[in-house]
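Structure record follows, encoded as C-alpha cells.
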Amino acid sequence: MTKTSLTTRQSISGLLFSLPSGLLLVTLYALPMLCLFLLAFTDYEMGNVVIKWVGFANFNQILKDPVFSRSLWNTLIYVAMVVPISIVGGLLIAVLVHARTKTRSFYEVIYFLPVTSTLIAMATVWQFLLHPKLGPINSILKLLGLPAQNFLGDPTLMIATLAAIGIWQLIGFNMILFLTGLSSIPKEIYEAAAIDGVTNPVDRFFKVTLPMLGPTTLFVLVTSSITGFKVFDTVAVLTQGRNQSEVLLYDIYLEGFTYAKMGYASVLTLVFLLIIVGLSAWQASHMDKKVHYA
Amino acid sequence: MHPNFHQKFTQVPYNMGMKSQQALKIDSVVKSYGDVRVLDSVSLEVHPGEFISLVGPSGCGKSTLLRIIAGLEAQDVGSVSIGNSSVDELMPKERDVAMVFQNYALYPHMTVQQNISLPLEMSQLSWMQRLFFVGNFFSKTKLIKDTIANDVLEICKSLGLENLLKRKPAQLSGGQRQRVALARAMIRNPAVFLMDEPLSNLDAKLRIHLRNELVELHKRLKATFVYVTHDQSEAMTMSDRIAVMDSGKILQIGTPNELYTSPDSLKVAQFIGTPQINLFELTDAKDGSHFWGSATSPLNLNKKSTAALALRPEHLIVEAHRLPTCDVQSSAVISRLEDHGSEILLHLAIDGYANELFITRIPNLGHQDGFRPGERINVGFKLDTALFFDAQGRRSV
C-alpha cells in the first residue's frame, strides 16, 4: 500500500462524499442547460430523426418574429404592473396587519389564501367572474351605469386583467414576507425613535420601518420580478394568447409544444433565462449597496 | 434655546439643601400586567444632578419603572413629575428625558452622525424642511443643519467618536456603540438621563472602563442620571444613592455606604456586597438566650425578637492577633482558600452550622497567615459589627 499524504486522502474522501449530490446537480441542472444551449443552434423539431446544425439562424429569426416582440412587450407591461403594485400593496397590507393583535392571524389567512390555491383552478373562477355577459363584475358595472367590458377579449384590457389576477395572487405572498421582516425589527428601535421624537407614523415608517425592511424588500423585489416574468397559467387558461395577448412563456410553449419547433423554442428559453438572470443580478448588485443587513 | 434651559442650569446641586427641588418625583406608581403586579406603589424622589441607581434581581420592576419615567409605558396609578411638573400626559419626546438602552438601539441603517443628529433634526426642523432634497430649498434648512452638525461634532469629540462619524453601527465595537448611544442621549441636553443596563452587553474589562467614563461624564454634565442595573457592584461604585428593589417595591433608598453598613432588611443586606453577607440562624435556648456556633456562653443580647444575625465577611475574624478583641468565638474548619491577590477569602465550616459555609476575607500579606484547608481554627466577631434581623427579615435595632 502506497503512503498517501493526509491532505490527499482527505480530498479523495471529500470528493467521494460530494459525488452523489454532484451527479444530481450535473444531471438535473447542468446537462439540461447544455442540451438547451446546443438545441438552440439546430432545427430540431419533436419527432425529427435528423437534426441539422443551423448556426445562428434561430437567433436571427427572433429579431424578425412579431409574436416574440409582442410577447416580450406584453410580459414587460405585465411585470411593470404586477411588481410595483404587489410590492407596495403587500407592504401596505403587512404594516396594517402587523398592527392587529387579535385579528392578525385572520387577515394573514385571508390574504394568503390565493397563494395556496392553484392558479389554474382559480383562473376558471376568474373566467366566470369576468364573463362579459354572466360575470358578476360586469353586473356591478352595469348597476353603476357603466358599460360592460370584455375583460378577457378586449386587447386593451387583457394584459391589465391578467396583471390584476397576478397581483391578487402575489400580494398575499409578499405580505407574509414583509410581515416576517416587520417582526424582526427590534422593539427598542421604535422606543428609541419615540424618545428621539420620531412619533408621527409617516416619519416612523420612512425613518425606521422602511430602511429596516431593506433586505426583505430586495428579496421580495427579486422573487416578484421572477414570478412576474414567469406568467403562464392565466394566459394559458383565460386567453390562450388570442387577440395578441401572448407572453414570453406562452410563446415558448406555443413554439415548442404546439408547433413542435424545439430549436426555436430553445432560443426563446435562452433569451428568457438571460432576462431573468440579468434582471435578478442587476437588482441584487444594485440594491445590495443600499440595503442594510443587521 | 431649550425651553427648560434656565430651569435646568439654575438648579442648585442636590447636596446643598433645598429639599423642595427635585429633578424627578415618582409618586405611588402602580403597574400591573394582567394579574401580575410589577410595581406596587413605588415612590421615589431624585435630586437635580444626582446619580441614582435602581438595583434588584431580574423581574423586580426596575426596568418597568424606568420605562414609565420615559413614557414608554403608562402607569395604572400614581404620577411622575420631571422638574416639578407632571409628565403623565406627555409623550416620551416631550418629557425632556433621554434613554440609553441595553442593546444600544441604534438605527442600523444610519451613520453615527445621522444617529446622533436625528433627535435634533426631529425637534428643530419642520417636516417640510426634513423632506428629501426638497427640504434644502427652505432658507433656514442649511443653517439649522449646519448648527446640528456642529453640535454633533462637539459631542463626538467629547466622547472620542469624531473619527467614526461616517461609520454604520455594524462597523463599531460594543463600547463604541454604547458611546454613540450616549452621544445620542447627550445631544438633546435632557433634564434626566435614563439608562437601562447600558453596560451589561459589554465584556468585563470594557464594562469597568465605561463605568468610570460614565461617572466622569455625570460629573461633567451635572445632569440627573437614573441608572438601572442588576449588578450591585456597578450600582455601589457609580451612584450617589441606590434604590434597592424587589417584587415591585423599593426596599430601601440610601447611599452605597448606608446600604452596606446599615441595611433595613435582610434582603438588602444579602443583595448588597460581594461576597454575600454571612447569615447565621440563632439557636434559642429555653430561657430565650441566643447562642452562636459552638460558643458556650450565650450572646449578650437584649433583643427578644432576634432570629438571625448577619456578618460582613470582613467582620468574621480569624487572625490570631485579632481574636482577643472578639466578643464571641467559635471553632471552625477551613474548607477552602480563594486567593484574590490582594486578599484571600476563606470558606469556613463553623461548628453548629452543618452543611453551611461562611466566608471571611483577610488581607494577603504573602505568608497566608498559615491558613490551610482542613485546618481547625478559632473564629469570632465583635457584637457591634453584627446586624440583627427578626423572623420577618426586618432589622431589629
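Every number here is computed from the coordinates shown, using simple stated rules; none is lab data. Predicted model, so just to flag it, every value in this text is computed and none were measured. As a convention, Cβ positions derive from the backbone with ideal geometry for all residues, glycine included, and neighbour counts pool all protein chains shown.
Treating the beta-carbon of each Lys and Arg as +1 and of each Asp and Glu as -1, no other charges, what is the dipole magnitude of segment B:288-341 about its Cα centre, to the nearest 20 debye?
Numbers: 5 positive and 5 negative charges, 63 e Å.
With only Lys, Arg, Asp and Glu charged at Cβ, the dipole is about 300 debye.
Would you list B:Trp127, A:Trp126 from fewest to most Cβ contacts within 10 Å? Walk me through the intermediate numbers first.
Details: B:Trp127 11, A:Trp126 22.
In increasing order of surrounding Cβ atoms, one gets B:Trp127, A:Trp126.
Please compute the length gained on full extension between A:Phe205 and A:His286, using 0.36 nm multiplied by the number of residues separating them and subtracting their Cα-Cα distance.
Taking A:Phe205 through A:His286 to full extension adds about 26.9 nm, to one decimal.
Taking beta carbons within 10 Å but only from partner chains, what does the mean come to for residues B:102-109?
6
If amide H atoms are built 1.01 Å from N in the plane of the peptide, which residues on other chains or at least 5 residues away come under 5 Å of the amide H of B:Leu24?
Amide H to amide H, under 5 Å and 5 or more residues apart or across chains, B:Leu24 pairs with B:Val46, B:Gly83.
Taking the Cα-to-Cβ direction at A:Phe232 and at B:Phe132 and moving 7 Å from each Cα, how far apart do the two end points lie in nm?
Distance between the two pseudo-spin positions: 3.7 nm.
Could you line up B:Ile144, A:Ile252 from fewest to most neighbouring Cβ atoms inside 10 Å?
Placing the least packed residue first, the sequence is B:Ile144, A:Ile252.
Give the Cα extents of segment B:275-390 along the principal axes, in whole Å, largest first.
46, 26, 22
Round to the nearest 0.05 the FRET efficiency obtained for B:Val36 and B:Ala391 when R0 = 25 Å and r is the Cβ-Cβ distance.
For B:Val36 and B:Ala391, the calculated efficiency is 0.35.
Helix hunt in chain B: which complete DSSP H runs extend at least 15 Å axially by C-alpha with mean Kyte-Doolittle at least -1.0?
Sorted by number, the helices that extend far enough and score high enough are B:112-124, B:141-158, B:174-186, B:204-221.
Among A:Lys207/B:Lys145; B:Lys145/B:Lys222; B:Lys62/B:Lys267; B:Lys157/B:Lys219, which pairs are too far apart, with a Cα-Cα distance over 20 Å?
B:Lys145/B:Lys222
For peptide B:91-97, what's the mean number of Cβ atoms from other chains within 10 Å of each residue's Cβ?
Working: counts 4, 8, 7, 2, 1, 0, 1.
Shielding by partners across B:91-97 averages 3.
Mind checking which of B:Arg95, B:Arg207, B:Arg372 has the largest fluctuation in a GNM of chain B, springs on alpha carbons under 10 Å?
Evaluated over chain B, the most mobile residue of the options is B:Arg372.
Multiplying the sequence separation of A:Leu274 and A:Leu24 by 0.36 nm and subtracting their Cα-Cα distance, what value in nm do you get?
87.7 nm
What residue among A:Thr227, A:Thr156, A:Thr199 has the largest mean-square fluctuation in a Gaussian network model of chain A, using Cα springs under 10 Å?
Fluctuation is largest for A:Thr199.
Per-residue counts of other Cβ atoms within 10 Å, averaged by peptide: what ranking do you get for A:4-14, B:216-226, highest first?
Most protected by this proxy first, the peptides run B:216-226, A:4-14.
Highest GNM mean-square fluctuation, chain A, Cα pairs closer than 10 Å: which of A:Leu113, A:Leu39, A:Leu31?
A:Leu31
Suppose the chain between A:Ala260 and A:Trp53 were pulled fully straight at 0.36 nm per residue; how much longer would it get relative to their current alpha carbon spacing?
72.8 nm
What ranking, highest mean first, results for peptides B:323-336, A:265-278, B:178-191 when packing means the other Cβ atoms within 10 Å averaged over each residue? Could the numbers behind the result be given before it?
Numbers: B:323-336: 16.4, A:265-278: 18.1, B:178-191: 23.8.
The densest-packed peptide leads the list: B:178-191, A:265-278, B:323-336.
Which helices count as membrane-span-like in chain A under these terms: full DSSP H, at least 30 Å along the axis by C-alpha, Kyte-Doolittle mean of 1.0 or more?
For chain A, where a helix must reach 30 Å along its axis and average at least 1.0, the hits are A:66-99, A:155-183, A:262-288.
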